Every structure is written in C-alpha cells, then in structure tokens.
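*Asks:* My questions all concern the structure below.
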Amino acid sequence: MQNNYQSSVCPHDCPSACALEIERLDEHTIGKVRGAKENSYTLGVICSKVSRYADRVHHPQRLTQPLKRTGPKGSGVFEPISWDQALDEVADKFLQIADEYGPESIWPYYYAGTMGQLQRDGINRLRHAMGYSRQKNTICTGLAYPGWMAGTGALWGTDPREITESDLIVIWGCNAVATQINVMTHSAIARHQRKAKLVVIDPYRTQTAEKADIHLMPRPGTDGALACAVMHVLFHENLADLAYLHKYTDEPNAFKEHLRDKSPEWAEAITGIDAAEIRAFATLYGQTKRSFIRLGLGFSRSRNGAHNVHAVSCLPAVTGAWQYRGGGALLSTSGSFHLNKKLIEGLDRLDANTRILDMSRIGPILCGDPKDIDDGILVKGMLIQNTNPMVVAPDSSKVHQGMSREDLFVCVHEQFMTETAKMADIVLPATCFVEHNDIYQSYGQTHLQFGPKIIQPPGECHSNHQLINALAKRLGAEHPGFDMTEEEIIDNCLKLSGYPPLTELRDARWLDCSLPFDKAHFIDGFAWPDKKFRFRPDWSALGLNGGVIPDFPDHWPVIDQSSDKTPFRLITPPARNFLNSSFTETPKSVERERQPRAKIHTDDARRIGLVQNEMIILGNKRGEIRIAAEIIPGIAQGTIVVEGIWPGSAFPEGKGINHLTSADTPAPSGGAVFHDTAVWVKVDGSAT
Ligand SMILES: Nc1nc2c(c(=O)[nH]1)N[C@H]1C(S)=C(S)[C@@H](COP(=O)(O)OP(=O)(O)OC[C@H]3O[C@@H](n4cnc5c(=O)[nH]c(N)nc54)[C@H](O)[C@@H]3O)O[C@H]1N2
Ligand SMILES: Nc1nc2c(c(=O)[nH]1)N[C@H]1C(S)=C(S)[C@@H](COP(=O)(O)OP(=O)(O)OC[C@H]3O[C@@H](n4cnc5c(=O)[nH]c(N)nc54)[C@H](O)[C@@H]3O)O[C@H]1N2
Ligand code: SF4
Ligand SMILES: [Mo]
C-alpha cells in the first residue's frame, strides 16, 4: 500500500465488510477509496457508491454543529447551540423523565448505520448502566437467523471464499450484484476456472439474475414450496445421499414421506414456476456434489420467512453437499467470531428484569399499543443513533404519528439531517467512519478488521463513543467503559475475547477468523446435542410464537395473500446505489437511481391499462403512495417491486414505501415483513 493510503474497513451494514484503502490528502480530507487487493475476500473489489465515499464525507450537507429545535416537530427549523448546552439539555430531560415515569420510559434506539462494534453497540452500555428499556434487534435478521439455526444449530456455514471451488452456485433470495458484490467476484472466478453454473432464485430479473445460467422466478413468499419440490425430486430420483442422511440428519424417512405429494406440479401452482424448470434445477443440484447455496436475507422478510429459510437450508443436508469443498450453504458468518462485548455494552450491568421493546414495532410502541406496552409505561424519551426509523421502519404512518407526539423527547445523533433527525428536539453531529476508531466483524465473510481514525472530523462532529461517555458523565452513570478512549476500549475488548491486541491487529490489518473446514461444514456434526441436522426443528425453542410453525418444511400460507381488493404482492428490496437510507443524500447515487419506480409485469400493465412511466397509486389499509410505473417483462406476474428506501421527500405526497409495509410480528420471534404486502394498484393518469 502506498504511504498516502491507509487501511480501513467499510462500516456499512453490508455483508461484505470490504477491506478498504483510503487516500489521505491532508489532515481534514480524504481522496480515493479502493478495495484492498491483499484481502482474500475483498480481492480489491468494492461497490461504486463506496468508491465515491469522499462525496459523502465531504458532503456540504454534513451536520457539523449541535442543533435545538425552535419550530414545530418535523419542520426542520433549528438553531445552533453548543455541545455543553446540548448535553445538559438531554441529560436534564432524561433525568427528569426517569424520575417521573421510571427509567424504562427512556428507549435508546439504534441499529447498524455503522457496523463498528464500538460505535454501534456502545449505546447499550449507557442503557444498561441507567436501566433504560432494552431493545430487540429484529429489523434485519429477526426471521432469517432463527430460520437457519432451526436446522443447523449454528450461525455459520461454508466459507464464502470456497465459492471458487464450487461447480454450482445458487444465489437464493439475494441480489448480490447490489448487496454483496464479492459473492459475484468469487462466483466469476468459479465460472471462469471450472465452468461453474450460476442459478438465481428471485421474483424478478435483478442484475444478479441477468448474469445467471438459470433464473427461477417464484412468487414472493413461496420458497418453502419450491424447496420442498426440489427435495421431492432429490428423494424420488435417487439423488439424495442416503448414507449422509442416516448419519447426519434427524428424521430422513419421515421427511421423505412428508415430501411424497410435494411434487413440482404441486409447487408450480404455488410458486408460478414451471414444473419442468423445477425438475431441471433439482436434477442439476442433485447431480453436482460441489453445490453451494448463498441464502440472502431477502426471502426471509415474509410472515413465513423463517420457515422458508429453514426449508432452503435442508437442501445440502439431503444431497450431502456439506461434505465437499465448495459445497454446502451460507446465510451468515456471524457465528465465526467470538468478541466479548462486556466492556463495550456494559453487559455486567444488564438487569434482566428491564423490559425489551421490539425495534420493528417502533410505530405501535410509540403510539402506546397495549400489545407492546403491557406494563403501561409509555416511551417518553429517546436517544437515536445509527438508524433512520422515520424512513426504514415498517408501518410509517404509525412511526410518524408516534414520533410526532409532543410529550416525546427525542435526541438524534446523525451525520445528515434525515427525516428522523428532523423530528428531534436536539440533533447532534456525528463522525463518519474515517473520523473515528472501530473494529469490525462481518456477517458475510470471516475477517476481523480495524478501521482507524484517518482524518479530523468537520466542525464539531463527535463520535458515538464520545457522546455516550459525555452523556454518561452528566447522567451519573458508572462503568469503566465510560472512562476509556476508543483505542483503550477496543484493545481491552480484543484481549477479553482472546484475540491479539490492537497494536497487532492494526499492523496485520485483519485477522482471519474462519473456522476449520470440519467445523464450518458440520463434518463433526451439526450444532445440536445429538449432532444431527433437523428437518423437524423445535420451533418453540426458537421463539415464543414458534409453536405455530409447521414442523416439516412446506408451503405455509400465512402471507398477506392477494385478494380481489389487493390483487398485487409488493416487495421492497435494496437499491444498488443506496445502502438502506444512506447515500440517498449523495447526488451521484441519486442520479443513478433516478426516482422511485414500481416495476410491474408487461401483461399485468396491459390488463390494467397502464403505460410506461405513468404514475400509479399503490395502496392498502395502511396507506397509499404515488409512484412511477416501470413496465418490464422480467418479473413474476402479480408482483410489484419497488427498490430502495427512498426518503419520503422523493415521493409526490412525501410518503415513502414503508407506509405500505406492516409491523406485524412474524413467527417464531419477530422481524420485519418488508417483502410481504398485498396492495391495490390504481392508474393515476399523469405521466412523470
Ligand atoms: N421497505 C424496506 N425497508 C427496509 C428494508 C427493506 O429491504 N425494505 N431493509 C431493512 C433493513 S435490512 C435494515 S438493516 C434497515 C436499516 O435501516 P437504517 O438503520 O436506517 O440503515 P442505514 O441507512 O444504513 O443507517 C442509518 C443512519 O445511520 C447513520 N450513521 C452512519 N454511521 C453513523 C455513526 O457512526 N454515528 C451515528 N450517530 N450515525 C451514523 C447514517 O447517516 C444513516 O442515516 O432498514 C430496513 N428497512
Ligand atoms: N446496495 C445495497 N447493498 C445493501 C443494502 C442496500 O440497501 N443497498 N442493504 C444492506 C442490508 S441492511 C442487508 S440486510 C443486505 C440484504 O441483502 P440480501 O441478503 O441480498 O437481501 P435483500 O437484498 O434484502 O433481498 C434480495 C433479493 O430478495 C428478493 N426477494 C424478495 N422476496 C423474495 C422471496 O419471497 N423469495 C425469493 N426467492 N426472493 C425474494 C428480492 O427481489 C431481492 O432481489 O444488503 C446490504 N447491502
Ligand atoms: S457497501 Fe458493501 S460492497 Fe460496498 S464497499 Fe461497503 S462492504 Fe463493500
Ligand atoms: Mo439489514
């Protein structure tokens, strides 16, 4: 690496956690951002939005000073104040609220705007030290993780670098070109070197699907049926590995019997995929020993999502693909790491009696829904870091209604004036990743990495760690972590975890935490006491609502089915040039995404008399939004796709996509059902 470049890590909530090299132009300025070639996962390839990161760090609209609201909530009318004054106001208010309504009436609310372990999770140290409400982090992985754990018992799988040794790569419910570019890099190597085949399973022709040899387009929420039909073929065409099944799985005979009537024809009626296509895919999968399935989080975001993820995770247990290099499956690598977060999160101060609020239910919770607040303690104060719930949380109308409550005091710590920050009483300016120190693990690869402070922050931006510590002092919170610098707490966390100290990690740039082959591939057995993969999981043990889930994989028809009133099914996957709601402020990303668009099948459009680019209204009982139609042939009929979590201001009525999504709590243990929404489509008549 040239000496004007410094090693870093992409902080965004993206499974790739790319190893970066950042050009430092001077004490305040970064230049080019590129991927680290020496990193065996990143291989020098990063997405274009992050290669333009200087546009985000040095954006003229970065927040640079603390602000106090002087206009009505949401008006965006603020006046600058000093940090001291801002911290005093927040602390006084929190002390007063806790005094009057109890500490659980304060809800520190966060997610993964940065994936840095310190700057993301340090807010929990303040929470636990003060006895504030706890948070259940369901919004992203709430459905997928229990779905994967149900069968395997552990949150790991095949090392993604083994993709280069695969002969068949199946990307299931994941738009890797947009959301994890390195899966495409490694797949391209396998295709070039070994003529590996690529299969993509997605309800529309994503840029990933365009690159595939085979693209199967199920209707949203029907992956359980597709997986069952594939396994029906595997069992009945002698493509199942019986020796493996008997050694490694719980009930292979009963499962085979259960699948007897789940034929490709049965699945065709449910998924909309031709039975012959299902049979051809099943045969290819069954005949390829080194077959690798990359499960995305995308197809888990339905009311039956956990059940469907489990169904897909059964495939390599039927063929025994786990036994081979380049074979098996992966949902997440999170279980490869063993960071001890006691210091960062103040886990020694956690009181298990404090209540837990489900972050996906922020709308109903702030509106005081008794289902969520059975103790009657209304949320009266919030500190929000690393997330933009006004835009990204489901059931926006409820979120907006709750956030507008005059009796709710909100402090938002942000890099930009997001719609959430606009609702705050106090807004505090936050650093970007190149302006603070952190360590990063990953949910899509196996390196533990350090990202140092490279430049000075603009104006008066403070890091999350600085804010948490300063607020703790004013609130009288006590914990050793509140007296440590970023580097001290990171170093201590590494040592507590049995990892090398920070100085070593800094020099090495990253530490490969991959598991040995036998463990990653479950050759030593699956992570249950009897070491067997579970076709029949103990769903009740995976969440309070687990008992309602059918035991064997199936089509579980609890989704928001289309009806005469709401004949279309909406999915809302990520946009390539945004990262959740981030980058919706950088002009290049917006230029590339142009405007919110609703993709709809050519025949559906013809049927309802819709022409290209015409404005349509999508709606259901939660609300309506106006959006331009994009008519395409490559999409499952009856499906509407709206990519990206655009701010409300990008829509004609100021209402964004999550006005349509539901905050229902799916089984077994919650999550957000972003891709499970029945809608009506009305043709509006006006062109864009
Ligand atoms: N319709 C629909 N909605 C969705 C989804 C979907 O697919 N469809 N996806 C869902 C998923 S999977 C997720 S994970 C959520 C994510 O949604 P969010 O949690 O909102 O995700 P981000 O946009 O990544 O980050 C939020 C904010 O964190 C801020 N931030 C970044 N770094 C820092 C920092 O160091 N300090 C502070 N204080 N702030 C920082 C950024 O400026 C940004 O505004 O959205 C969910 N919402
Ligand atoms: N560019 C970009 N990258 C991102 C993000 C982003 O917003 N933009 N978000 C980041 C975050 S927070 C996350 S969690 C990850 C998520 O990344 P992934 O794991 O890839 O999941 P998603 O991108 O949510 O969804 C991927 C695909 O699932 C498809 N899908 C939806 N419903 C179904 C279904 O029922 N069945 C099947 N088979 N497919 C379905 C969608 O059409 C979409 O193409 O990406 C991260 N990376
Ligand atoms: S957003 Fe994802 S692909 Fe892009 S640089 Fe970051 S980790 Fe890599
Ligand atoms: Mo996510």
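*Asks:* Using helices alone, I'd like the mean residue ellipticity at 222 nm for the chain: each DSSP H run of four-plus residues gives -39500 (n - 2.57), total over residue count, nearest 500.
*Replies:* On the way: 27 runs with 207 residues, N = 688.
Per the formula, -8000 deg cm²/dmol.
*Asks:* Same structure again: Could you grab the relative contact order for the chain? Cα pairs under 8 Å, six or more apart, rounded to a whole percent. Intermediate values should be presented prior to the final figure.
*Replies:* Numbers: 1633 pairs, mean separation 134.4, N = 688.
Answer for the chain is 20 percent.
*Asks:* Could you give each residue of the stretch 377-386 its phi-based ³J(HN,Hα) in whole Hz, using Karplus coefficients 6.51, -1.76, 1.60 with θ = phi - 60°, and x for Gly or Pro?
*Replies:* Running phi through 6.51 cos²θ - 1.76 cosθ + 1.60 with θ = phi - 60° gives 8, 6, 6, 10, x, 9, 10, 10, 10, 6 Hz.
*Asks:* Same structure, new question: Take V673, V77, V57 and order them by how many other Cβ atoms sit within 10 Å, fewest up front.
*Replies:* Numbers: V673 25, V77 12, V57 22.
Going from least to most buried by this count: V77, V57, V673.
*Asks:* So who's got an amide H within less than 5 Å of the one on Q6, skipping anything under 5 residues away but keeping other chains? H placed 1.01 Å off N, in plane.
*Replies:* Here I22, E23, R24 satisfy the definition.
*Asks:* Amide H to amide H under 5 Å from A598: which residues, 5+ apart in sequence or cross-chain, H placed 1.01 Å off N in plane?
*Replies:* For A598, the qualifying residues are A628, A629, E630.
*Asks:* Convert each backbone phi in the stretch 336-341 into a coupling constant with the Karplus relation 6.51 cos²θ - 1.76 cosθ + 1.60 (shift: θ = phi - 60°), then list the ³J(HN,Hα) values in order as whole Hz, x for Gly and Pro.
*Replies:* 6, 9, 9, 5, 8, 9
*Asks:* Compute the length gained on full extension between L515 and M1: take 0.36 nm times their separation in residues and subtract their Cα-Cα distance, giving the result in nm to one decimal. Intermediate values should be presented prior to the final figure.
*Replies:* Working: separation 514, 0.36 × 514 = 185.04 nm, distance 2.81 nm.
Residue separation times 0.36 nm, minus the Cα-Cα distance, leaves 182.2 nm.
*Asks:* By how many degrees, between 0 and 90 and to the nearest 10, does the Cα long axis of helix 486-496 differ from the longest principal axis of the chain?
*Replies:* The helix 486-496 is inclined about 50 degrees to the chain.
*Asks:* Extending each Cα 7 Å along its Cβ direction at S562 and D369, get the distance between those two points in nm, one decimal.
*Replies:* Going by the 7 Å Cα→Cβ label model, 2.7 nm.
*Asks:* Collect residues whose amide H, placed 1.01 Å from N in the peptide plane, falls under 5 Å from the amide H of V170; neighbours closer than 5 in sequence don't count.
*Replies:* Close amide H contacts, sequence-distant or interchain: V199, F292, I293, R294.
*Asks:* So, one more: How high is the relative contact order of the stretch 453-549? Use alpha-carbon pairs under 8 Å, at least six apart in sequence, and give a whole percent. Before the final figure, lay out the partial values.
*Replies:* Numbers: 33 pairs, mean separation 8.9, N = 97.
For the stretch 453-549, the relative contact order is 9 percent.
*Asks:* What percent does the relative contact order of the stretch 568-687 come to when contacts are Cα pairs within less than 8 Å and at least six residues apart?
*Replies:* In percent, rounded to a whole number, it is 36.
*Asks:* Another question, then. Label Q193 and L544 with points 7 Å out from Cα along Cα→Cβ: what is the distance between them in nm?
*Replies:* 4.9
*Asks:* Apply 1/(1 + (r/R0)^6) to the Cβ-Cβ distance of V590 and N353, taking R0 = 51 Å, and write down the FRET efficiency to the nearest 0.05. It would help to have the intermediate numbers written out before the result.
*Replies:* Values: r = 46 Å, r/R0 = 0.91.
Working from the Cβ atoms, E equals 0.65.
*Asks:* For the stretch 572-587, in order, what is each residue's ³J(HN,Hα) by Karplus, 6.51 cos²θ - 1.76 cosθ + 1.60 with θ = phi - 60°, in whole Hz (x at glycine and Pro)?
*Replies:* Karplus-based 3J(HN,Hα) across the stretch 572-587 equals 10, x, x, 9, 4, 9, 10, 10, 6, 8, 6, 6, 6, 9, 8, x Hz.
*Asks:* Based on the Cα coordinates of the stretch 5-57, what is the per residue volume of their convex hull in Å³? Display every interim value, and only then the final one.
*Replies:* Details: hull volume 3.7 nm³, N = 53.
Each residue corresponds to 69 Å³ of Cα convex hull volume.
*Asks:* Continuing with this model, one more query. Taking the chain as the reference, fit the longest principal axis to its C-alpha atoms, fit the long axis of helix 181-194 to the helix C-alpha atoms, and give the angle between the two in degrees, 0 to 90, nearest 10.
*Replies:* 30
*Asks:* What distance in nm separates the two pseudo spin-label positions at S75 and E487, each 7 Å out from Cα along the beta-carbon direction?
*Replies:* 4.6
*Asks:* A further question on this structure: What is the distance in Å between the Cα centres of the stretch 67-102 and the stretch 617-670?
*Replies:* If we compute the Cα centre of each part, the gap is 34 Å.
*Asks:* On to the next question. If one computes the Cα centroid of the stretch 327-392 and of the stretch 418-468, what distance in Å separates the two points?
*Replies:* Between the Cα centres of the stretch 327-392 and the stretch 418-468 lies a distance of 19 Å.
*Asks:* As an exercise, use a Förster radius of 35 Å and the Cβ-Cβ distance of D213 and H58 to find the FRET efficiency, rounded to the nearest 0.05.
*Replies:* Details: r = 42 Å, r/R0 = 1.21.
The computed FRET efficiency comes out at 0.25.
*Asks:* Also: Just subtract the alpha-carbon distance of H338 and Q287 from 0.36 nm times their residue separation and send over the number in nm, one decimal.
*Replies:* On the way: separation 51, 0.36 × 51 = 18.36 nm, distance 3.65 nm.
Gain on stretching H338 to Q287: 14.7 nm.
*Asks:* Can you give the extra length, in nm with one decimal, that the chain gains between E624 and A243 once fully stretched, where that is 0.36 nm per residue apart less the Cα-Cα distance? It would help to have the intermediate numbers written out before the result.
*Replies:* On the way: separation 381, 0.36 × 381 = 137.16 nm, distance 5.43 nm.
The span from E624 to A243 would gain 131.7 nm if fully extended.
*Asks:* May I pose another question? Quickly rank 137-148, 372-383 as a protection proxy: mean count of other C-beta atoms within 10 Å, highest first. It would help to have the intermediate numbers written out before the result.
*Replies:* Numbers: 137-148: 24.4, 372-383: 18.5.
Those peptides, ordered most packed to least, come out 137-148, 372-383.
*Asks:* A further question follows. In degrees from 0 to 90, rounded to the nearest 10, what is the angle of the helix 83-101 Cα long axis to the longest principal axis of the chain?
*Replies:* Result, in degrees: 70.
None of the figures in this text is laboratory data; all of them are computed from the coordinates on show. The structure presented is a predicted model; accordingly, all values stated were derived computationally and were not measured. In this analysis, Cβ positions are derived from the backbone assuming ideal geometry, glycine residues included, and neighbour counts consider all displayed protein chains.
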